[in-house]
Amino acid sequence: MKKIEAIIKPFKLDEVKDALHEIGLQGLTVVEAKGFGRQKGHTELYRGAEYVVDFLPKVKIEVVCSDDLAERAIEAIQAAARTGRIGDGKIFVSDVQEVIRIRTGERGEDAV
Ligand SMILES: Nc1ncnc2c1ncn2[C@@H]1O[C@H](COP(=O)(O)OP(=O)(O)OP(=O)(O)O)[C@@H](O)[C@H]1O
Ligand SMILES: [Mg+2]
């Protein structure tokens, strides 16, 4: 299983959520985040205004899925979150050892 963490522009959240739903992913965590990338100290456009602050509002999406679905999920997130402008965000992928569904006790891919 893989954990996909995607830092995206907040206004792209609904599109990304819908894209992940379309490929069959059922669970998702959303975390409000702040961060900066390579343009630290430079302006970035956010909701039509230019910001010079270091930390810009971002949304982090976390989704855990089977290895089979991971590449499709990454492509879906990239396609939905991309504007082509700076600050579109990043996707981090890591291995997940175990998942436990608390209500049923299922483990592994059955629990995702
Ligand atoms: N190396 C990193 N580690 C952790 N978080 C990061 C990293 N790079 C970017 N982020 C997070 O992703 C957000 C968006 O990054 P951003 O898209 O600006 O990256 P970038 O490398 O500057 O690319 P671009 O040139 O397209 O802007 C940042 O605000 C930060 O929250
Ligand atoms: Mg940047």
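The values are calculated or read from the model by the stated rules, or taken from the named source; none is laboratory data. Computed from a predicted structure; not experimentally measured. All Cβ positions, even for glycine, are placed from backbone atoms using ideal geometry, and neighbour counts span all protein chains on display. Accessible surface areas use protein heavy atoms only, side chains included; no ligands, DNA or RNA. Shrake-Rupley method; radii C 1.70, N 1.55, O 1.52, S 1.80 Å.
Of the candidates Ile61, Ile77, the single residue that is hydrophobic (A, V, I, L, M, F, W, C), open to solvent by less than 60 Å² (accessible area, probe 1.4 Å), modelled with pLDDT of 95 or more and not in a helix (DSSP H, G or I) is Ile61. Within the stretch 80-112, being within 17 Å of Ala6 (Cβ to Cβ), in a strand (DSSP E or B) and among the charged types (D, E, K, R) holds for Lys90, Asp95. Can you confirm whether Tyr46 is at pLDDT below 95, out of contact with any Leu (no Cβ under 7 Å at 6 or more places or on another chain) and on the phi < 0 side of the Ramachandran plot? So Tyr46 does not fit the description; no. Is one or more of the residues making up the stretch 17-34 within 16 Å of ligand 2 (Cβ to nearest atom) and within 18 Å of the chain's Cα centre (by Cα)? Yes, some residue in the stretch 17-34 is within 16 Å of ligand 2 (Cβ to nearest atom) and within 18 Å of the chain's Cα centre (by Cα).
A Cβ distance below 8 Å, combined with a sequence gap of six or more or placement on separate chains, defines the contacts here; from the stretch 1-30, residues that are of a type in the set (Asp, Glu) reach residues that are within 16 Å of ligand 2 (Cβ to nearest atom) in the pairs Glu5/Lys60; Glu5/Ile91; Glu5/Phe92; Glu15/Ala81. Filtered by the rule that a residue be of a type in the set (S, T, N, Q) and open to solvent by 80 Å² or more (accessible area, probe 1.4 Å), the stretch 1-36 gives a lone residue, Gln26.
When restricted to residues that are in contact (Cβ under 8 Å) with a residue 40 or more places away in the chain, more than 17 Å from Lys34 (Cα to Cα) and not aliphatic (A, V, I, L, M), the stretch 76-94 contains 3.
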